[in-house]
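Working notes, beginning with the structure itself.
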Amino acid sequence: MRIISLASGSSGNCYLISAEGKNFLVDCGISARKITTGLADLGIAPETLDAVFITHEHTDHISGVFVLSKRLGMPVYMTPKTYYAVKASRKIENLRFFTPEERFSHDKIEILPFRVPHDAADPVGYKFFTDEGDIVVATDCGKITDGVASAIDGARALVLESNHDKKMLECGPYPPHLKVRIAGEFGHLSNAEAATLLCNMNRSNLSALLLGHLSRSNNLPNIVMDEALSAFGGDFHTTAVQIGDQFAPRELRL
Ligand SMILES: [Zn+2]
Ligand SMILES: [Zn+2]
């Protein structure tokens, strides 16, 4: 199993989930060229991508999907509402729809798209049920709902948003309306909220944790790491932890 962040942050998000011989992308928020060269640099031929799963229509999650789908032709999954919210003149090849909260399967792997509270048309996170354990991606999440907590519980690998430090956001350069949006119930998860979730979840299977979608203006990787460490009681034990970066890949290999 490999969990790779090709890009993670407010300007673009793209994660590779590799398990059971399948290569899935969650989100395509960087250019198709960056995705294909990034994969090649990691020894993964872009042509081996089996499917792409889009969480929601914000640019930092979809900007590369049009060119990538045209170039490679793999299935691209999203909800119908997300697709209509994209309002793109450019076509997405091999588009496939699903209904949030209903499991579906792709090439024998079951996937649960679960709702996340965020200011988009129909945002979701994804849970992949693989023979090697459950893999969950939950970003762009304004608060922890029961549904999000239950999707994450028992995961073997988790990509979790840790967007901002509350004090840095309050005192930072953003205009007041943006501060309210980010901190709100349909905005982004703070470090403290991510830490609370980590503290309360069943971590008995958790082998890999990638904390991502960090705000460049309102967060620092060392604060994210410190908060997560305290949630684990001061020792990550058997969980490998990485902090996502906007420009450099981060990999967790199990
Ligand atoms: Zn978003
Ligand atoms: Zn985002």
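None of the figures in this text is laboratory data; all of them are computed from the coordinates on show. Just so it is clear, the structure is predicted and the values come from calculations on it, not from any experiment. When we count neighbours, we look across all protein chains shown, and the Cβ atoms used for this are built from the backbone with ideal geometry, even at glycine.
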Contour minus Cα-Cα span, V180 to R33, at 0.36 nm per residue, comes to 49.5 nm
Fraction of antiparallel bridges per DSSP, segment 2-246 only, in percent to nearest 5: 50
Label point distance in nm, S217-Y84, each placed 7 Å from Cα along Cα→Cβ: 3.3
Relative contact order (percent) for the chain, with alpha-carbon contacts under 8 angstrom and 6 or more residues of separation? 19
What is the local net charge at T36, summed over the other residues whose Cβ is closer than 11 Å to its Cβ (Lys, Arg +1; Asp, Glu -1)? +1
For each of F129, F114, count neighbouring Cβ atoms within 10 Å of the residue's Cβ, then give the residues from fewest to most. F129, F114
Computed FRET efficiency, Cβ-Cβ of S11 and E132, R0 30 Å: what is it to the nearest 0.05? 0.45
Among I243, L206, A155, whose Cα sits farthest toward the positive end of the charge dipole of the chain (+1 at Cβ of Lys/Arg, -1 at Cβ of Asp/Glu, about the Cα centre)? I243
Extended-chain gain in nm, criterion 0.36 nm per residue less alpha-carbon gap, E47 and R103: 17.5 nm
Electrostatic dipole magnitude of segment 12-123 [Cβ: Lys, Arg +1; Asp, Glu -1; Cα centre; debye, to 20]: 400
Using only the alpha carbons of segment 127-191, what is the convex hull's orientation-averaged projected area in square nanometres? 4.6
Once the other residues with Cβ under 10 Å from the Cβ of T82 are scored (Lys, Arg +1; Asp, Glu -1), what is the net sum? -1
The size of the Cβ-based charge dipole (Lys, Arg +1; Asp, Glu -1) of the chain about the Cα centre, to the nearest 20 debye, is 700
With both partners inside segment 111-175, how many of the DSSP beta bridges are antiparallel, as a percent to the nearest 5? 70
Taking the beta-carbon count within 10 Å as an exposure proxy, list T239, T145 from fewest neighbours to most. T145, T239
Can you check what the net charge comes to around D119, using other residues whose Cβ is under 15 Å from the Cβ of D119 (Lys, Arg +1; Asp, Glu -1)? -1
Among L214, L169, L158, the residue with the largest mean-square fluctuation in a Gaussian network model of the chain built from Cα contacts under 10 Å is L169
Among T82, T196, which comes first, second and so on when ranked by fewest other beta-carbon atoms within 10 Å? T196, T82
Largest-first principal axis extents, alpha carbons of segment 132-254, Å: 44, 31, 25
Once Lys and Arg get +1 and Asp and Glu get -1 on their Cβ, which of Y174, S11, A32 lies farthest toward the positive end of the dipole of the chain? A32
Take every Cα-Cα distance within the chain, group them into 5 Å bins from 0 onward, and report for each bin the whole-number percent of pairs it holds. 1, 6, 15, 19, 21, 18, 12, 6, 2, 0
